[in-house]
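Okay, so here's the structure we're looking at.
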């Protein structure tokens, strides 16, 4: 029965029933279409992804409990992908057991809302023997085992076939002629592994983490699905040059470009600056790295193991919000005494110091620290809110430490209170009566 026939018969109830049925059919179709998109591509077809939506971090394989806790920190700020190194050495020792460990980690990450980019081979600290023809067979076994184990995992984003292929002493320390020969040895090895992986998993995506846009090599890049590169530039100008070079390769091959490693405090490559470039060029990104720990703890990392952060600027930059540097509007200096709060803090410190000094015995002075630390906290909050002290040495942290340590030297607390008062007076240009 058609809708027109229903209208002709004025059967409103039947018409409504038919419309409801059609809506239900549409809803069911939509549900299963959506579910299919999460189940991965059809056999032999590459998945369609938007690399600009990737918000990732480099992160090593961790025990499940640690991974779930630490990945939860990143979920707060919208992170959705992890990039991690695999180990040929561990595979050589434990074989299938190591492969299961990798698969389990990918599944844990997926359950936490993260897609995975495992890195099969590593150019950093490269053992030259590992890319020679006599090592091909062992490398082939490793690639085969990993790719076959992960190729149908819904948590797989793509394979990074090699991290920074030419970033090692074997190549950088060679003569010009040797460098050319050794580079070609590396590229030949890498092409073999890319082609093998592609045969094993034509439905998967493949990339290589080139050290910079200038390292991208044609005969390997043309085999890839995504062009990825790293940026540890020390200035915006050099960073833009690096991005332009990588994007040039992307245009040449008609492929998306992805930033897979950036951010290092010790290379003048702050996370805020690194993310500003990603935002400017609309590329997805992977920061190095998630947790402040390990051998690079003092130059890399976003979250401390307890979930606190190194600095707020990094978190802000993840959302495309960057510090004003006077480029488009004048910087407004903060005024901690706008409402007289600095005057109040100075009075609190002065009174607390005086009261403490008038205590009848040293033991009484040592016990009477509550008011003194409260006065310190008010001054510290003013200075931190206006970012007028080194944010790596937060005075509020020192206040907390003094409160926690009941045996802290009262003279040290007094010196600390005095230093805060002097800093406030200097910043606010307060002159005593």
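The values are calculated or read from the model by the stated rules, or taken from the named source; none is laboratory data. Computed from a predicted structure; not experimentally measured. FYI the Cβ positions are ideal-geometry reconstructions off the backbone, even for glycines, and counts take in every protein chain you see.
Structure notes:
Residue by residue, here is whether (1) touching a helix residue (DSSP H, G or I) at 6+ places or on another chain (Cβ under 8 Å); (2) at pLDDT 95 or above; (3) more than 26 Å from residue 193 (Cα to Cα) holds:
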| site | (1), (2), (3) |
| --- | --- |
| 237 | no, yes, yes |
| 247 | yes, yes, no |
| 266 | no, yes, yes |
| 296 | no, no, yes |
| 302 | yes, yes, yes |
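- Taken as a whole, the condition of being part of a loop (DSSP other than H, G, I, E, B), modelled with pLDDT under 95 and surrounded by 12 or more Cβ atoms within 10 Å (Cβ to Cβ) does not apply to residue 352.
- Total residues in the stretch 189-225 satisfying the condition of being touching a helix residue (DSSP H, G or I) at 6+ places or on another chain (Cβ under 9 Å), farther than 20 Å from residue 250 by Cβ and assigned to a loop (DSSP other than H, G, I, E, B): the figure is 1.
- Out of 346, 290, 275, sole residue that is surrounded by 18 or more Cβ atoms within 10 Å (Cβ to Cβ) and more than 29 Å from residue 246 (Cβ to Cβ): 346
- Filtering 75, 87, 94 for residues that are under 28 Å from residue 283 (Cβ atoms) and surrounded by fewer than 21 Cβ atoms within 10 Å (Cβ to Cβ) leaves a single hit, 75.
- All conditions but one from (1) surrounded by fewer than 15 Cβ atoms within 10 Å (Cβ to Cβ); (2) out of contact with any helix residue (DSSP H, G or I) (no Cβ under 6 Å at 6 or more places or on another chain); (3) touching a residue at least 60 places away in the same chain (Cβ under 8 Å) apply to residue 283; the one that does not is (1).
- Qualifying residue in the stretch 232-247 (condition: over 25 Å from residue 286 (Cα atoms), assigned to a helix (DSSP H, G or I) and out of contact with any strand residue (DSSP E or B) (no Cβ under 6 Å at 6 or more places or on another chain)): no
- Unique residue being surrounded by fewer than 21 Cβ atoms within 10 Å (Cβ to Cβ), closer than 27 Å to residue 114 by Cβ and either in contact (Cβ under 8 Å) with a residue 40 or more places away in the chain or not assigned by TED's automatic domain parsing to the domain that holds residue 82 (or both) when the list is 247, 196, 236: 196
- For the condition at pLDDT 95 or above, in contact with a strand residue (DSSP E or B) (Cβ under 9 Å, 6 or more places away or on another chain) and over 24 Å from residue 45 (Cα atoms), residue 122 qualifies.
- Residue 152, sole failed condition from (1) closer than 22 Å to residue 46 by Cα; (2) crowded, with 22+ Cβ neighbours inside 10 Å: (2)
- Cβ pairs under 8 Å, 6+ apart, first in the stretch 59-75 and assigned by TED's automatic domain parsing to the domain that holds residue 85, second surrounded by fewer than 14 Cβ atoms within 10 Å (Cβ to Cβ) and at pLDDT below 95: 60/294
Quick grid of which residues meet (1) surrounded by fewer than 22 Cβ atoms within 10 Å (Cβ to Cβ); (2) at positive phi; (3) assigned to a loop (DSSP other than H, G, I, E, B):
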| site | (1), (2), (3) |
| --- | --- |
| 227 | no, no, no |
| 299 | yes, no, yes |
| 315 | yes, no, no |
| 327 | yes, no, yes |
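- Taking the stretch 202-215 as the range and being crowded, with 19+ Cβ neighbours inside 10 Å and either more than 27 Å from the chain's Cα centre (by Cα) or free of Cβ contacts under 8 Å to residues at least 40 places away in the same chain (or both) as the test, the residues that pass are 212, 213.
- Sole residue being under 26 Å from residue 283 (Cα atoms) and surrounded by fewer than 15 Cβ atoms within 10 Å (Cβ to Cβ), chosen from 184, 218: 218
- Residues in the stretch 392-424 that are surrounded by 12 or more Cβ atoms within 10 Å (Cβ to Cβ) and either not assigned by TED's automatic domain parsing to the domain that holds residue 345 or not in a helix (DSSP H, G or I) (or both): 394, 408.
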